[in-house]
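Where a number appears in this text, it was derived from the coordinates with a stated rule and is not lab data. Remember, it's a predicted structure, so these values are computed and weren't measured experimentally. Virtual Cβ from ideal backbone geometry, glycine too; neighbours counted across all protein chains shown.
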Amino acid sequence: MTLSTTERKIIESSIRDVKDFPKPGIIFKDITTLLNDKEAYGVLMNHLYERYKEYSLDYVAGIDARGFIFGAALAQMLGVGFVPIRKKGKLPYTTISEKYSLEYGIDEIEVHIDAFNKTKNARVLLIDDLIATGGTANAAAKLINQAGASCVEACFIIGLNFLDGQKNLKETTDVYSLIEVN
Ligand code: AMP
């Protein structure tokens, strides 16, 4: 199931472009304006619920920090557990971690080692607000699989098509982006 033209317009027009943030040349896709537009937020969450209710999911995993907002709400709607995938050093219990490249340098994300243990071979949906280079999402999908679960799809509100992130991530998991930016 994909978005109707009307639904896409409502969601797309609620996302604000902020030029030159956090540095010159970047157009930052600001989803706070989507979240405080009750119609757009409602259309978005209903669509995600309708799509993923058929996936027999056991967990939704959200990427630090904006993936928590959509992921936690969706998990509650679907009646499944939520798992936070966090930046290094934030989770209190034993973790497994994965490093990934940034434009300059490297970063690392972590998940609790027992996060998916309540269900054997748990089916997990990964969610974040946006995929750019795909470095973060790729590391997150790998972590889910290393933790003994299976990442069945990675979902993004916005996919930047001028970078290869979605193409690369498709080698690890299925990918669904609601709004494609060319
Ligand atoms: P990447 O690992 O390059 O795919 O970057 C994805 C992460 O960076 C996501 O968590 C996004 O929230 C954030 N991000 C990257 N580029 C943008 C952008 N242009 N607008 C908003 N968020 C961005």
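May I ask which residue of Y59, L48, L35 lies farthest towards the positive end of the charge dipole of the chain, with charges of +1 (Lys, Arg) and -1 (Asp, Glu) on Cβ and the Cα centre as origin?
After comparing all options, I get Y59.
Looking at the chain, what % of its DSSP beta bridges pair antiparallel, to the nearest 5? Numbers along the way, then the final one.
Details: 13 of 37 bridges.
Counting only bridges with both partners in the chain, antiparallel ones make up about 35 percent.
Length gain on complete extension for the stretch K170 to Y49, per 0.36 nm per residue less the alpha carbon to alpha carbon distance? Don't skip to the end; give the middle numbers.
Details: separation 121, 0.36 × 121 = 43.56 nm, distance 2.22 nm.
Separation in residues times 0.36 nm, less the Cα-Cα distance, equals 41.3 nm.
Considering the convex hull of the alpha carbon atoms of region 56-181, report its projected area averaged over all viewing directions, in nm², one decimal. Please report the intermediate quantities before stating the final value.
Values: hull surface 29.0 nm².
Averaged projected area of region 56-181's Cα convex hull equals 7.2 nm².
Simple spin-label model, 7 Å along Cα-to-Cβ: S101 to T2 in nm?
Going from the S101 label point to the T2 one covers 3.1 nm.
In region 70-177, what % of DSSP beta bridges are antiparallel (nearest 5)? The partial results should precede the final answer.
Values: 9 of 21 bridges.
Counting DSSP beta bridges with both partners in region 70-177, the antiparallel share is about 45 percent.
If you take every residue apart from I15 with its C-beta less than 13 Å away from the C-beta of I15, what net charge results, scoring Lys and Arg +1 and Asp and Glu -1?
Local net charge: -1.
Please give the FRET efficiency for E39 paired with N161, using the beta carbon to beta carbon distance and R0 = 25 Å, rounded to the nearest 0.05. Show your work: numbers first, answer last.
Details: r = 26 Å, r/R0 = 1.04.
So, using R0 = 25 Å, E works out to roughly 0.45.
Please say if region 1-90 is rounded, prolate or oblate, where rounded means a/c under 1.5 for a ≥ b ≥ c the square roots of the C-alpha gyration tensor eigenvalues, and otherwise the choice is prolate for a/b larger than b/c and oblate otherwise? Don't skip to the end; give the middle numbers.
Working: a/c = 2.45, a/b = 1.18, b/c = 2.08.
It is oblate, given that a/c is not under 1.5 and a/b is not larger than b/c.
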